[in-house]
Amino acid sequence: MLYLYFKFWDAIIGNMDETPILFNMSPSKTIAKKGGKSILIRTQNQEKCYISVILTISANGHKLSPYLIFKGKINGDIEKKLKKDINKRCYIACNENV
């Protein structure tokens, strides 16, 4: 029998996690006068708008640059402006179906 031995480098093994970050997080507590009939909460109508952030670390402890996914047209104005402003600190992408 022939046994194959594969050696993996720690630099190519990674642990990745994706999480959403909301633009406008609604408060979980409110402060109002006692006995009031209603409470006014101001929002920006962006409760469902978020960015997907992917963070990765390799098995040797090296942190890779974050990967940000915005809602928008692929190669549209948002993606071009963000890539210009953020430089090389993280990777940017847009997805119409986010």
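Worth a mention:
- Residue that is nearest to Asp10 (Cα to Cα) [pool: residues in the range 67-77 that are surrounded by fewer than 14 Cβ atoms within 10 Å (Cβ to Cβ) and of a type outside the set (S, T, N, Q)]: Ile74
- Taking the criterion of being farther than 30 Å from Lys29 by Cα, of a type in the set (Ser, Thr, Tyr) and either at pLDDT below 85 or part of a strand (DSSP E or B) (or both), the residues of the range 41-98 that qualify are Thr56, Ser58, Tyr67, Tyr91.
- Within the range 57-75, residues that are closer than 15 Å to Met16 by Cβ sit with their Cβ atoms under 7 Å from residues that are among the basic types (Lys, Arg) and not in a strand (DSSP E or B), at 6+ positions apart or across chains, in these pairs: Ser65/Arg89.
The values are calculated or read from the model by the stated rules, or taken from the named source; none is laboratory data. Because the structure is predicted, anything quoted here is derived from the model rather than measured. Note that each Cβ is placed from the backbone with ideal geometry, even for glycine, and that neighbours are counted across all protein chains shown.
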